[in-house]
Amino acid sequence: MLRLPHYRIAAGCCRRLSNAAKNGPGGGGAGKNVSGDVLAELEAGYNSLAASDSKSLLKKHLSKDIFNRLKKSSTPSFHSTLLDCIRSGLCNHDSGVGIYAPDAEAYKTFADIFDPIIEDYHKGFRKTDKHPESCFGHGKDFPNLDPENKFIVSTRVRCGRSVQNFPFNPCLTEYDYGELECMIANALGTLSGEYSGAYMPLINMDKSQQQKLIDEHFLFKEGDRFLEAAGASRFWPAGRGIYFNKARNFLVWVNEEDHIRIISMEKGGDLGKVYDRMLGGVEALGKHLHFSRDDRLGFLTFCPTNLGTTIRASVHIKLPNLNKNKDELQKLATKYNLQVRGTSGEHSEAKGGVHDISNKRRMGLTEYEAVKEMYDGIRALIDAECKAASSS
Ligand code: ARG
């Protein structure tokens, strides 16, 4: 286990942020002037996206009018520009979404583009809406989805957390990464009972160890081009790492897309058990770390798709009969607000007919409701699979 000094609030820590930044998303387009280079890159990127057949929410919602209104704005504390928000979507026309918030203030400064994308992705969370207070419910509300182990290979629930007083990836310095890692590793070091385990910094792992963990669906991939273009891979692998409990069914990712991802996973379909384990971990870590939460947006994350509850409850599931009719599977997924991904997660293919299916919305509903949405949807898919099997 890595030995790290105990973290104390460093004097420099608060100097990094203005009061506006400390209090969550700040206002206005009152940052520094945007340079000619940035404007030129924005114009070229915008024109190329507009001419493309990209299906991203960025392309759908970034009208010329909104673009012109925002292109010279920047955030008050970090001077993040529109380019910092949308470079990923400009470089990757195959993005589903295409925008990230380099710092929390960006959600306000660039609200004219974030708000419609948030409303579209989270199915109707309007700019006048407020994310509800947390209500987690209990694992016992979600009995085993597949007691006979016929369909579900594994179940996973994760949430994301940001640490107060730190911006998101693109604005973190190398020193910040180390400081954050140190704070988080110290908090992880206090975990006990079923949560006790070890933190492994990425810097101490060789490539083959990393690949093995990626193949086992434990570890995040290196070199995600969407994150890279968003400025989220700077100083890699500094400050990044993974924590495992002994049973390897509770994991924490440090400084990947978000400062913290708290993950509970195991084989089979016992969603309630998996959910309870994640909740216990969030609660234990929350005793040692202050998480950033905004009054309107809920828990703050780098990507607008993860705001609010930040909860993604998923299964790896085999639906061989439904799989024969992809349109039908997609139709059902849309009806139940589910998202279908490939076996190795986002932007991957489904190997051997195994899909990764989860709730899609995370905002404008409570944690309990987000998990319930997935629970009800997966039950409906299993019912449809059984019907398709009996009629084939
Ligand atoms: N930026 C990527 C895209 O638009 C990922 C979006 C959501 N996923 C995420 N991991 N934040 O396709």
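The values are calculated or read from the model by the stated rules, or taken from the named source; none is laboratory data. Note that this is a predicted model, so its numbers are computed, not measured. Quick reminder, even Gly has a Cβ in these numbers, built from the backbone with ideal geometry, and neighbours come from all protein chains shown. Only protein heavy atoms, including side chains, enter the accessible area calculation; ligands, DNA and RNA are left aside. Shrake-Rupley method; radii C 1.70, N 1.55, O 1.52, S 1.80 Å.
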Which count do you get for residues in the stretch 236-273 that are open to solvent by less than 10 Å² (accessible area, probe 1.4 Å) and part of a helix (DSSP H, G or I)? 2
Enumerated helices (runs of 4 or more DSSP H) restricted to the stretch 173-229, each holding at least 1 residues that are of a type in the set (Gly, Ala, Ser) and surrounded by 14 or more Cβ atoms within 10 Å (Cβ to Cβ): 174-188, 225-229
Look through the stretch 96-117, keep the residues that are assigned to a loop (DSSP other than H, G, I, E, B) and either open to solvent by 10 Å² or more (accessible area, probe 1.4 Å) or within 14 Å of the ligand (Cβ to nearest atom) (or both), and return whichever of them is farthest from residue 171 (Cα to Cα). 96
Quick one: what pairs do we get from the stretch 91-115, first residue over 12 Å from residue 62 (Cβ atoms) and touching a residue at least 40 places away in the same chain (Cβ under 8 Å), second away from the ligand (no atom under 14 Å from the Cβ) and of a type in the set (Phe, Trp, Tyr), C-beta under 6 Å, 6+ apart or different chains? 101/107; 103/78
What is the number of the single condition among (1) touching a strand residue (DSSP E or B) at 6+ places or on another chain (Cβ under 6 Å); (2) surrounded by 19 or more Cβ atoms within 10 Å (Cβ to Cβ) that residue 332 does not meet? (1)
Note on residue 238: of the conditions (1) touching a residue at least 40 places away in the same chain (Cβ under 8 Å); (2) under 30 Å from residue 81 (Cβ atoms); (3) out of contact with any Asp or Glu (no Cβ under 7 Å at 6 or more places or on another chain), unmet is (3)
Selection over the stretch 335-372 where residues are open to solvent by less than 30 Å² (accessible area, probe 1.4 Å) and within 20 Å of residue 138 (Cα to Cα) yields a count of 9
Taking residue 77 and the conditions (1) away from the ligand (no atom under 16 Å from the Cβ); (2) open to solvent by 60 Å² or more (accessible area, probe 1.4 Å); (3) closer than 25 Å to residue 37 by Cα; (4) in contact with a helix residue (DSSP H, G or I) (Cβ under 6 Å, 6 or more places away or on another chain), which numbered condition does it fall short on, given that it satisfies the others? (2)
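Are any residues in the stretch 133-163 surrounded by fewer than 16 Cβ atoms within 10 Å (Cβ to Cβ) and either under 30 Å from residue 388 (Cβ atoms) or of a type outside the set (Gly, Ala, Ser) (or both), and if so, which ones?
The answer is 133, 135, 138, 140, 141, 143, 144, 147, 148, 149, 150.
Using the structure shown, decide if residue 387 is open to solvent by 10 Å² or more (accessible area, probe 1.4 Å), out of contact with any Ser or Thr (no Cβ under 6 Å at 6 or more places or on another chain), modelled with pLDDT of 95 or more and at negative phi.
No, not satisfied.
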Can you say whether residue 84 is more than 21 Å from residue 295 (Cα to Cα) and within 16 Å of the ligand (Cβ to nearest atom), as far as the supplied structure shows? yes
Please count how many residues of the stretch 296-321 are open to solvent by less than 10 Å² (accessible area, probe 1.4 Å) and over 21 Å from residue 132 (Cβ atoms). 5
Considering the stretch 18-73, residues that are modelled with pLDDT under 95 and assigned to a helix (DSSP H, G or I), and then whichever is most open to solvent (accessible area, probe 1.4 Å), we arrive at 19
State which residue pairs qualify: first residue in contact (Cβ under 8 Å) with a residue 40 or more places away in the chain and among the polar types (S, T, N, Q) and inside the stretch 249-270, second residue open to solvent by less than 20 Å² (accessible area, probe 1.4 Å) and within 16 Å of the ligand (Cβ to nearest atom) in any location, beta carbons under 7 Å apart, and separation of 6 or more residues or different chains. 255/240; 264/157
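Any residue at all in the stretch 306-322 that is in contact (Cβ under 8 Å) with a residue 24 or more places away in the chain, within 16 Å of the ligand (Cβ to nearest atom) and more than 19 Å from residue 275 (Cβ to Cβ)?
yes
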